[in-house]
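S.K.: What follows is a structure written as structure tokens; I'll ask about it next.
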Amino acid sequence: MLKYEITPILLNNLKKIAVEIEGLNRQTFSEVILLEMEAEANAQSAYSSTSIEGNPLPLTDVKKILKNKPNQIRNTEREVLNYNESLLWLKKQLDIKKFDFNIQLVLGIHQRVTNGLLSKTQIGKFRGEPVFVNDPKLRKTIYWPPDHQDVPRMMKELIDFVSKNRNKIDPIILAGLFHKQFVIIHPFIDGNGRTVRLVTKSVLADLGIDTFNLFSFENYYNRNVSTYFQKVGVRGNYYDIYKNLNFTDWLEYFSAGILDELLRVRKLLEESKQPSTPENEISSEQEKILSFIKKHNFIKDKDYAKLTRRAKATRALDFKKLIRLGLIKKMGQGPATYYVLTKS
């Protein structure tokens with residue numbers, strides 16, 4: 001059993017999170033605003049999660065890479081693309097209700113995150129050798145994770161723990177316990193951090209707290225990486241310390257990060273309600289285009305014709321406006337023309 005206490009700090013964070021989520025769920029926002037925020041959150045997540053692990057690319061470069069998807073890429077760029085593609089894949093699984101929280105999900109995410117970065121014998125597979133966690137400042141080993149022979153069993157126990165307690169333990173606490181215990185187990189040769197942050201996002205979403213669309217909890221960690229590593233990590237030999245491990249301090253920090261991002265998102269959404277100009281205002285008809293694409297991945301003019309009574313020339317102007325605003329892009333030609341979101 002993973003040990004923790006419900007402290008006043010943790011309880012206060014959980015109450016505030018519940019209030020913020022309820023407040024956001026009661027409001028309605030323009031589809032264009034939500035799409036813009038989702039694209040920004042995805043870029044921020046890819047940037048922050050890889051930056052935590054030492055990727056030197058600035059956020060501006062990350063956005064360019066995600067937009068252009070170059071063919072000739074270095075490992076630093078591959079890390080960013082892999083993370084973003086994994087994030088979009090996870091969101092799609094949740095949207096189409098094909099999300100199963102199990103060992104295969106964890107291994108699949110690791111395979112996507114490390115594709116082209118590790119050998120084929122290491123991607124999507126638990127480590128088959130010992131690993132050590134070093135402190136670069138001290139230049140010495142500070143943590144010895146469990147033996148690799150114990151990793152499959154420990155990961156199964158962790159997955160089972162989350163599954164059995166999904167309706168018994170607060171979802172924030174449950175996701176936080178999973179996150180830290182995963183780091184403690186250190187199941188992979190490399191890519192543990194990126195994998196656990198993606199899986200944690202999916203755990204939160206599956207438990208009803210969808211962090212994909214609007215915010216990046218990785219951003220909170222990246223603002224002070226040393227604090228994140230201090231809170232999520234442990235020191236010593238696992239077999240000497242595991243009986244005395246306590247997750248309370250980490251859970252206070254973890255929940256504070258969720259709350260911090262929710263407050264930031266609320267502020268951005270409130271600012272988005274400021275009066276807009278006619279040139280940038282999206283009509284209810286044009287929002288139907290965006291909603292359709294989000295659900296079906298693309299839209300053709302004949303699809304839009306079924307959603308509206310607008311004439312063909314007016315429908316063409318609607319598509320052109322969304323293209324001008326950078327929300328969609330045109331694919332194909334002639335009768336084969338279709339439109340997708342620019343972030344796809």
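The values are calculated or read from the model by the stated rules, or taken from the named source; none is laboratory data. All figures in this text were calculated on a predicted structure; none of them were measured in a lab. Neighbour counts are summed over all protein chains in view; Cβ atoms, including those assigned to glycine, are modelled from backbone coordinates with ideal geometry.
S.K.: Return the only residue of L117, L94 being assigned to a loop (DSSP other than H, G, I, E, B), within 26 Å of N82 (Cα to Cα) and in contact with an Asp or Glu (Cβ under 8 Å, 6 or more places away or on another chain).
M.R.: Values: L94 fails: assigned to a loop (DSSP other than H, G, I, E, B).
Within the list L117, L94, the selection yields L117.
S.K.: From I65, I123, I109, which residue is assigned by TED's automatic domain parsing to the domain that holds T200, in a loop (DSSP other than H, G, I, E, B) and either touching a residue at least 40 places away in the same chain (Cβ under 8 Å) or in contact with a Leu (Cβ under 9 Å, 6 or more places away or on another chain) (or both)?
M.R.: Numbers: I65 fails: in a loop (DSSP other than H, G, I, E, B); I109 fails: in a loop (DSSP other than H, G, I, E, B).
It is I123.
S.K.: Let me ask something else. Go through segment 303-322 and report how many residues are among the charged types (D, E, K, R) and surrounded by 16 or more Cβ atoms within 10 Å (Cβ to Cβ). Before the answer, list the steps.
M.R.: The first filter runs over segment 303-322 and keeps only residues among the charged types (D, E, K, R), leaving 303, 306, 309-310, 312, 315, 318, 320-321.
With the extra rule that they be surrounded by 16 or more Cβ atoms within 10 Å (Cβ to Cβ), the set shrinks to 303, 310, 315, 318, 321.
Selection size over segment 303-322: 5.
S.K.: Just the residues that are over 15 Å from Q104 (Cα atoms) and either at pLDDT 95 or above or part of a helix (DSSP H, G or I) (or both), please, taken from segment 201-210. Write out each step before concluding.
M.R.: So in segment 201-210, the residues over 15 Å from Q104 (Cα atoms) come out as 201, 204-210.
Matches in segment 201-210: K201, L204, A205, D206.
S.K.: Then there is this: Anything in segment 1-32 that is of a type in the set (V, I, T) and closer than 18 Å to G257 by Cα? List them, or say none. So that I can check it myself, show each step before the final result.
M.R.: Going residue by residue through segment 1-32, those that are of a type in the set (V, I, T) are 6-7, 9, 17, 19, 21, 28, 32.
Across segment 1-32, the qualifying residues are I6, T7, I9, I17, V19, I21.
S.K.: Condition first: among the aliphatic types (A, V, I, L, M) and not in a helix (DSSP H, G or I). Now tell me which residues in segment 1-49 satisfy that. Reasoning before the result, please.
M.R.: Here is the first cut: in segment 1-49, the residues among the aliphatic types (A, V, I, L, M) are 1-2, 6, 9-11, 14, 17-19, 21, 24, 32-35, 37, 39, 41, 43, 46.
Across segment 1-49, the qualifying residues are M1, L2, I6.
S.K.: Please determine, by comparing only the residues of segment 126-142 that are in a loop (DSSP other than H, G, I, E, B) and of a type in the set (A, V, I, L, M), which one is modelled with the lowest pLDDT.
M.R.: Our first condition is that a residue be in a loop (DSSP other than H, G, I, E, B); within segment 126-142, this holds for 126-132, 136-139.
Checking the rest, the ones that are also of a type in the set (A, V, I, L, M) come to 131, 138.
Numbers: V131: 95, L138: 80.
Out of the qualifying residues, it is L138.
S.K.: Moving on to the next point. Output the number of residues of segment 149-182 satisfying the condition of being of a type in the set (K, R) and touching a helix residue (DSSP H, G or I) at 6+ places or on another chain (Cβ under 9 Å). If you could, list the steps in order and put the result at the bottom.
M.R.: From segment 149-182, those of a type in the set (K, R) are 153, 156, 164, 166, 168, 180; that's our starting set.
Adding the requirement that they be touching a helix residue (DSSP H, G or I) at 6+ places or on another chain (Cβ under 9 Å) leaves 156, 166, 168, 180.
Residues that pass the stated criteria total 4.
S.K.: Look through segment 249-290, keep the residues that are surrounded by 15 or more Cβ atoms within 10 Å (Cβ to Cβ) and polar (S, T, N, Q), and return whichever of them is modelled with the highest pLDDT.
M.R.: S255
S.K.: Moving on. Among the numbered conditions (1) of a type in the set (D, E, K, R); (2) within 20 Å of Y242 (Cβ to Cβ); (3) in contact with a Ser or Thr (Cβ under 8 Å, 6 or more places away or on another chain), tell me where K201 comes up short.
M.R.: Failed condition: (2).
S.K.: Let me ask you something else. If I filter segment 143-179 down to residues being of a type in the set (D, E, K, R), outside any helix (DSSP H, G or I) and without any contact (Cβ under 8 Å) to a residue 24 or more places away in the chain, which single residue comes out as farthest from Y239 (Cα to Cα)? Quick ask: steps written out before the conclusion?
M.R.: First pass over segment 143-179, keeping only residues of a type in the set (D, E, K, R): 147, 150, 153, 156-157, 160, 164, 166, 168, 170.
After this cut, where a residue has to be outside any helix (DSSP H, G or I) as well, the list is 147, 166, 168, 170.
Filter once more, keeping what is without any contact (Cβ under 8 Å) to a residue 24 or more places away in the chain: 147, 168.
Working: D147: 9, K168: 28 Å.
Ranking the candidates gives K168 first.
S.K.: Cβ contacts < 7 Å: first residue closer than 17 Å to L24 by Cα, restricted to segment 213-224; second residue of a type in the set (S, T, Y), any location; separation 6+ or different chain. Result?
M.R.: S216/S45; S216/S48; F217/T211
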